[in-house]
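Taken together, the values in this text are just the output of simple stated rules run on the coordinates, not laboratory data. No experiment lies behind these values; they were computed from the predicted model shown. When we count neighbours, we look across all protein chains shown, and the Cβ atoms used for this are built from the backbone with ideal geometry, even at glycine.
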Amino acid sequence: MAANFYSDLAFVLGEEGGISNLTGDAGGYTYKGISQVKNSTWAGWQIIKDLAQAGSGSLSQDKLLQKAVDDFYFATWIDLRCNALLSQFLSLCVFDTAVNCGNIRSIRLLQTALNCMNLRGKRWADIAVTGVIDSSTTVSLIVAEKRQTDIGFALLAARGRHYLDCLADGTDLLGQHASNESFAGGWFNRLARLYGKGLQERVGL
């Protein structure tokens, strides 16, 4: 059975919350993890503005706004080709890593994980770490899933190493701004919750 978008989305939205505008966060003003700095043309910003001017109630109760959120994330999920994955956990890892670290970084970490889990090319060939889902990445994923290889856990390990590299280098998760070490605890707690989801899938919960 293929991965389910709404299962992945529920986890991400649980992590991202509602309106956020934290000092030191390069993403700036965000709603449910969608950054106004990086996604200034998102249709949801106008809806939020209109609701604020009208003095309307909870943003989470507005159906048009929530559809805009769903549509935004569904496009991301499809771009990452999570719909082609069989493992819900692996789909979640790829998707949540993209939300947290960017699409290109997510795919680069996935490709790194695939290269680290192929028994030095015996299971499947090494692939170029490009940040683009090309045919070789797709083939490797198909083989890895058939073998039930723990690519999701390997991806999370690579993501954890990326966190440490960013903290050591003084950059944010996208490598574009100075890092804020006050966010590190949240990053690693999020990883721990993802590991928990993987363990639940493994034992069939």
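A compact table of results
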| item | result |
| --- | --- |
| Angle in degrees between helix 103-116 and the longest Cα principal axis of the chain, rounded to the nearest 10 | 20 degrees |
| Rg(Cα) / (2.2 N^0.38 Å) computed for the chain, rounded to two decimals | 1.06 |
| Net lengthening on full extension, Ala168/Ala75 (0.36 nm per residue, minus Cα-Cα) | 30.2 nm |
| Spin-label pair Asn21/Ala43, simplified geometry with 7 Å Cα→Cβ offset, distance in nm | 2.5 nm |
| Value at 222 nm in deg cm²/dmol, rounded to 500, when DSSP H runs of n ≥ 4 in the chain each add -39,500 (n - 2.57) | -19000 deg cm²/dmol |
| Average Cα contact separation per residue, the stretch 17-79, under 8 Å, 6 or more apart, as relative contact order % | 19 percent |
| Between 0 and 90°, nearest 10: helix 135-146 axis offset from the chain longest Cα axis | 80 degrees |
| Helix 184-203 vs. the chain, principal-axis angle (Cα, 0 to 90°, nearest 10) | 60 degrees |
| Fluctuation leader among Ser40, Ser91, Ser20 - the chain, Gaussian network, Cα springs under 10 angstrom | Ser40 |
| GNM flexibility winner over the chain from Arg120, Arg159, Arg190 (Cα, springs under 10 Å) | Arg120 |
| Sorted by Cβ neighbour density within 10 Å, fewest at the top, the residues Thr171, Thr97, Thr41 | Thr41, Thr171, Thr97 |
| Residue of Cys166, Cys93, Cys82 that the Gaussian network model of the chain assigns the largest fluctuation, springs spanning Cα pairs under 10 Å | Cys166 |
| Extension gain from Tyr6 to Leu199, taking 0.36 nm per residue of separation minus the Cα-Cα distance | 67.5 nm |
| Inter-centroid distance (Cα atoms) of the stretch 182-205 relative to the stretch 2-72, Å | 22 Å |
| Virtual spin-label span in nm between Ala125 and Ala54, 7 Å along Cα→Cβ | 5.6 nm |
